[in-house]
Amino acid sequence: MTIDEINQIVQESCPKFSSFAKNQLPMPGNKKHLDEIINREITVLDHRIRRSTQRDGTECLQLQFLLNGEVCVLFSGSSVLINQIKDCADKIPFTTTIVKIDRYYSFS
């Protein structure tokens with residue numbers, strides 16, 4: 001690119017990265033472990049499901065939620081939680097409690 005072309009781009013209004021790449025930016029919130037919020041009421045604000053970096057061939061849930069007025073995030077490979085959030089993603093935000101049943105976690 002020439003200097004004139006660069007100046008023209010700078011002078012024109014370029015879209016901000018954050019306006020079109022929401023899923024590429026980190027989800028704000030204090031990181032919590034799943035065991036820290038078991039049996040505590042939370043309000044689910046947002047979620048993302050990505051390929052797990054811990055286990056090949058599996059998915060990872062990133063969940064953003066409110067806990068006692070604090071914005072938090074957690075990461076989980078729980079297939080039950082992933083399937084439940086996929087089924088109710090259009091209902092977000094919602095209030096729930098995550099419970100542990102045997103070895104599994106579930107929204108209740």
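Here are some notes:
- Using θ = phi - 60° and Karplus 6.51 cos²θ - 1.76 cosθ + 1.60, couplings along segment 28-35 (whole Hz; Gly, Pro as x): x, x, 7, 6, 10, 8, 3, 5
- By DSSP, the beta bridges lying fully in segment 23-107 are antiparallel in about 90 percent of cases.
- Intensity falloff of the chain expressed as log10 I(q)/I(0), Debye formula with alpha-carbon point scatterers, at q = 0.15 Å⁻¹: -0.67
- Cross-link partners of LYS100 among lysines (Cα-Cα below 22 Å; sequence separation of 8 or more within a chain): LYS31, LYS32, LYS86
- Using only side-chain charges placed at the Cβ, +1 for Lys and Arg and -1 for Asp and Glu, the dipole size of the chain relative to its Cα centre rounds to 380 debye.
- In order through segment 61-74: 3J(HN,Hα) via Karplus (6.51 cos²θ - 1.76 cosθ + 1.60), integer Hz, x for Gly, Pro: 9, 10, 10, 9, 8, 9, 9, 6, x, 9, 7, 9, 9, 9
- All other residues whose Cβ lies under 12 angstrom from that of LEU61 are scored, Lys and Arg at +1 and Asp and Glu at -1, for a net of +2.
- Nearest-0.05 FRET efficiency for GLU5 and THR96, computed from C-beta distance (R0 41 Å): 0.20
- The phi-based Karplus calculation (6.51 cos²θ - 1.76 cosθ + 1.60; θ = phi - 60°) puts the 3J(HN,Hα) values of segment 92-108 at 5, x, 8, 9, 7, 10, 9, 10, 10, 10, 6, 9, 10, 9, 8, 6, 9 Hz, whole numbers, x for Gly and Pro.
- Per-residue ellipticity at 222 nm, computed for the chain from helices alone with -39500 (n - 2.57) per DSSP H run of at least four residues, works out to -6000 deg cm²/dmol.
- P(r) tail fraction, segment 46-108 - alpha-carbon pairs more than 19 Å apart, %: 30 percent
- Dipole of the chain computed with +1 at Lys/Arg Cβ and -1 at Asp/Glu Cβ about the Cα centre; of GLY77, VAL44, TYR105, farthest Cα towards the positive end is TYR105.
Where a number appears in this text, it was derived from the coordinates with a stated rule and is not lab data. Quantities reported herein were computed from a predicted structural model and do not represent experimental measurements. All Cβ positions, glycine included, derive from the backbone under ideal geometry; neighbour counts span all protein chains shown.
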